[in-house]
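Reading through the structure tokens given below for one structure.
The values are calculated or read from the model by the stated rules, or taken from the named source; none is laboratory data. These figures come from a predicted structure and were not determined experimentally. Here the Cβ positions follow ideal geometry from the backbone for every residue, glycine too, while neighbour counts run over all protein chains shown.
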């Protein structure tokens, strides 16, 4: 299969410039290992895990693949989870070789990661924050466009964001937001990125830990079926996110979009986690396979690329298809240029 050699692939030690996003509780060792085995960068999200749970999933993933995978930590204090410094220690002690940081500055943790031999990525929202990350010693920056699914850091779309950041820094750039196929990868490379970060597409894979109902809604969603909102704020208040529009979103809009505390069904328990813990209507909980109840009323995180995720495939096949399509796209453009 045709591949791409970019500064990002060289830095990360991967064969293809495809990064599986840390899609919350949908990540697991099986998914990260499958992407890594296919030559991409797999990813684990561990922010909401304790030290022992973090260590376990990192070690399980390392045992399952000889490829490269990253471990992501959210730094926003509003999550109310494990202290970032403690979590970084847990991640590094477990042997993580790549650590990505989002929703905060990696600067306080860069030296510790480098001392442990780990490569550091940070998600940025504009050229200024990219420059700051580079000055702090971050090895690679991720530009998250507004089209992205799940929690969204910035307000700039991928198309204008990537070239601005690529022009601003000398470290590799990974483009995120609205990318789900090889055409998106080709576009990201043309804009100046060195790899593409795919989240929504990897939700629709056989290995992703998502509930059947969630997956079905995702597969049926079009590019216009998502909502950018702060609605599902219980657990992470004030952080915008993009979700598939559902009955919860429609009821809230029909009520005039009232503020928290006055929303329809504010304290409704719509589902329960595997351990029986109640999930309220406006919780930011992700629908994993063990959830029971009205899953369709939960936060169904997805980006505007949802319309491109129309079938469930093994994660390794997604990597292969994306790279092959990107190569064919760029070859086709080159052929058109020569003909003209």
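A few points about this structure:
- Selection from segment 173-222 of residues that are within 16 Å of residue 35 (Cα to Cα) and out of contact with any helix residue (DSSP H, G or I) (no Cβ under 8 Å at 6 or more places or on another chain): 197, 199
- Qualifying residue in segment 96-107 (condition: over 18 Å from the mean Cα position of the chain (by Cα) and closer than 24 Å to residue 284 by Cβ): no
- Test for residue 249: is it in the same structural domain as residue 270 (by TED's automatic domain parsing) and crowded, with 23+ Cβ neighbours inside 10 Å: no
- Entirely in segment 63-156, the helices (runs of 4 or more DSSP H) that have 2 or more residues that are surrounded by 20 or more Cβ atoms within 10 Å (Cβ to Cβ), out of contact with any helix residue (DSSP H, G or I) (no Cβ under 9 Å at 6 or more places or on another chain) and assigned by TED's automatic domain parsing to the domain that holds residue 225: none
- Unmet requirement for residue 49, which otherwise passes all of (1) more than 16 Å from the chain's Cα centre (by Cα); (2) at pLDDT 95 or above; (3) closer than 23 Å to residue 82 by Cα: (2)
- Residue among 188, 206, 176, 180 that alone is over 15 Å from residue 150 (Cα atoms) and buried (at least 24 other Cβ atoms within 10 Å of the Cβ): 188
- Residue in segment 218-235 that is in a helix (DSSP H, G or I), closer than 23 Å to residue 300 by Cβ, touching a residue at least 24 places away in the same chain (Cβ under 8 Å) and out of contact with any strand residue (DSSP E or B) (no Cβ under 9 Å at 6 or more places or on another chain) present: yes
- Selection of segment 38-60 for residues being over 21 Å from residue 123 (Cβ atoms) and assigned to a helix (DSSP H, G or I) yields 51, 52, 53, 55, 56, 59, 60.
- Remark: residue 326 falls outside the filter, which requires a residue to be part of a loop (DSSP other than H, G, I, E, B), modelled with pLDDT of 95 or more and either closer than 17 Å to residue 201 by Cα or under 16 Å from the mean Cα position of the chain (by Cα) (or both).
- Residue match in segment 295-302 (condition: surrounded by 19 or more Cβ atoms within 10 Å (Cβ to Cβ), out of contact with any helix residue (DSSP H, G or I) (no Cβ under 6 Å at 6 or more places or on another chain) and more than 17 Å from residue 150 (Cβ to Cβ)): no
- Taken over segment 309-322, the criterion of being buried (at least 17 other Cβ atoms within 10 Å of the Cβ) and modelled with pLDDT under 95 is satisfied by 309 alone.
- Test for residue 161: is it more than 20 Å from residue 45 (Cβ to Cβ) and either free of Cβ contacts under 8 Å to residues at least 40 places away in the same chain or out of contact with any strand residue (DSSP E or B) (no Cβ under 6 Å at 6 or more places or on another chain) (or both): yes
- Residue check for residue 243: under 26 Å from residue 81 (Cα atoms), in a strand (DSSP E or B), outside the structural domain of residue 155 (by TED's automatic domain parsing) and more than 24 Å from the chain's Cα centre (by Cα): no
- Any chance residue 174 is touching a strand residue (DSSP E or B) at 6+ places or on another chain (Cβ under 9 Å) and not in a strand (DSSP E or B): no
- Residue 35 vs. criteria assigned to a strand (DSSP E or B) and closer than 28 Å to residue 178 by Cβ: no
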